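This report refers to the structure that appears directly beneath it.
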Amino acid sequence: MKEKIIVRFPPSPTGSLHIGNIRTLLFNYLFARSNDGEVVMRFEDTDRERSNSTHEAIALEALSELGLDFDKGPFRQSERTHMYVDALQRMIKKDIAYVAEESEEDAGKHVIRFRNPNKKITFNDLVRGEITIDTTDFGDFVIARSETNPIYHLTVVVDDLEMGITHVIRGEDHITSTPRQILLVEALGGSIPTYAHLPLIIGNDKKKLGKRHGAITYQEFRDLGYIPAGIINYLALLGWNPGDDREFFTKNELVKEFSLERVNNSPASFSYEKLDSVNKHHLLQLPSEEYKEYVHTFLAVHPEGAKISGHPHFDGIIENILRERVHKFSEIITMLHDGEFNWIINQPIIKKEDIIWKETSAKTIEKHLKYAYKTLENASKWTPESIRENLWHYAEEQGKGEVLWPFRFSLTGQKQSPDPFTVASVLGKEEVLDRLQNGIQLLQ
Ligand code: GLU
């Protein structure tokens, strides 16, 4: 029988999960789910001063919104101290660990050190291949501050053994921890898990990931208006590829496609541009109703968004304009700031000279607007396409600028706005006729 694969989500609740942490959790998740394995969640909260339950709640919220579910836990290391104490006592008894002065300068302060056998450790990393490290350099390293106060290497090893973890998948920054942890596994008489160290994520400029590059938390990404499907898809591409040029995947498709063999060992570079394009792809996949709901929910917490999202014409904007243009919902806030949609809330105040196209006479412009009025008054269908059909032939015949500029300007009062047919469809027939009438009056 094949062994059951068990992986772990082991965040330290000392801060919010940033994108690197989540990428690691995602790869654990995909590996487990694609192998019918299990995910164990545990909070590594041995740093009591910096750990807190708010960070735990924020981490769990991120996992739940991203759909990264786990099978067991969440456990807390702070509630498992008895297991670490037990392991320490066994090691001390066997003289594998011993109480020692913390340092020469700090005589009197005691710690517990591991008696390092000083040997070479070789392990086969699923991403990086065979790695050999001489542990002599580590000396007799500290595993606890006191018999009841174990630190990271010991707690991780005891937990991994007790939870039956078969695969430890974590960031490359932990690679030097691995030989120490293997020594401890051997000392405790357990079986050594398989390791996979994921490549670092770096910024476009090849520098270590900083805030500016996207070292931001899940919640910050959410507040910028990226959706879980987009975030998951993009993060999967940070270090993994499907072996061909496909780049859009749902979570279920990733579960089917994922394998650790396809994880690269060179750094993955984070790009907002790519994230935007992946997120937009997933936004376009959403059914219309779901998309609208997302937009309304997003706008509700922004003052300028809340003002517009209840407007009767706004659903038309969502469907006809935003869906085409938006990569992430915060772009809508920028558009609102720039006044792009002022025309939907207020009837424009227009000046006669602005409505006139180049050298055309006021009389001619008036004639065109009247034509548009008459034609649209009789229109039975009201979509951007049908409105375009009604006017296009005439516009080509008379001059597109001459006909369509005053038409659009009467409706929006803005030199820049979406195309006139979309604008008209969003405003609705009654409002369009009303605004055209205002334009006509202005010219008389
Ligand atoms: N708690 C550690 C961290 O958040 C996990 C390290 C590990 O995977 O062993 O970095």
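General remarks:
- For segment 200-209, a residue qualifies if it is in contact with a helix residue (DSSP H, G or I) (Cβ under 6 Å, 6 or more places away or on another chain) and either of a type in the set (Gly, Ala, Ser) or part of a loop (DSSP other than H, G, I, E, B) (or both), and the qualifying residues are 200, 203.
- Boolean, residue 60 is closer than 30 Å to residue 189 by Cβ and either more than 16 Å from the ligand (Cβ to nearest atom) or assigned to a helix (DSSP H, G or I) (or both): no
- Condition met for residue 67 (more than 15 Å from the ligand (Cβ to nearest atom) and not aromatic (Phe, Trp, Tyr)): yes
- Of the residues making up segment 229-287, those that are over 19 Å from residue 167 (Cβ atoms), among the small types (Gly, Ala, Ser) and assigned to a helix (DSSP H, G or I) are 229, 230, 277.
- Segment 122-150, subset of a type in the set (A, V, I, L, M) and more than 14 Å from residue 86 (Cα to Cα), residue nearest to the chain's Cα centre (by Cα): 127
- Hits in segment 392-444 (condition: in contact with a Ser or Thr (Cβ under 9 Å, 6 or more places away or on another chain) and basic (Lys, Arg)): 408, 435
- Pair list, Cβ < 8 Å and 6+ apart or interchain, from segment 5-22 residues that are under 23 Å from residue 49 (Cα atoms) and in contact (Cβ under 8 Å) with a residue 60 or more places away in the chain to residues that are assigned to a loop (DSSP other than H, G, I, E, B) and within 9 Å of the ligand (Cβ to nearest atom): 10/44; 17/11
- Residues of segment 36-47 satisfying the condition of being of a type in the set (D, E, K, R) and away from the ligand (no atom under 16 Å from the Cβ): 36, 38
- The set of residues in segment 296-332 being in contact (Cβ under 8 Å) with a residue 40 or more places away in the chain, under 22 Å from the mean Cα position of the chain (by Cα) and crowded, with 17+ Cβ neighbours inside 10 Å consists of 298, 323, 326, 327, 328, 329, 332.
- Scanning segment 97-132 for residues that are without any contact (Cβ under 8 Å) to a residue 60 or more places away in the chain, more than 24 Å from residue 150 (Cα to Cα) and surrounded by 15 or more Cβ atoms within 10 Å (Cβ to Cβ) yields a total of 1.
- Test result for residue 130, of a type in the set (Asp, Glu), in contact with a strand residue (DSSP E or B) (Cβ under 6 Å, 6 or more places away or on another chain) and at pLDDT 95 or above: yes
- Elements of type helices (runs of 4 or more DSSP H) in segment 80-188, at least 1 residues being within 16 Å of the ligand (Cβ to nearest atom) and of a type in the set (D, E, K, R): 152-162, 177-188
- When we screen 76, 33, 50 for residues that are in contact (Cβ under 8 Å) with a residue 24 or more places away in the chain and more than 14 Å from the ligand (Cβ to nearest atom), the only hit is 33.
- The set of residues from segment 1-30 being near the ligand (Cβ under 10 Å from one of its atoms) and part of a loop (DSSP other than H, G, I, E, B) comprises 10, 11, 12, 13, 14, 15, 17.
- Any hit, segment 408-420, residues being in a helix (DSSP H, G or I), more than 19 Å from residue 353 (Cβ to Cβ) and in contact with a helix residue (DSSP H, G or I) (Cβ under 9 Å, 6 or more places away or on another chain): yes
The values are calculated or read from the model by the stated rules, or taken from the named source; none is laboratory data. Here the structure is a predicted model, which means the values were calculated and not measured. All Cβ positions, glycine included, derive from the backbone under ideal geometry; neighbour counts span all protein chains shown.
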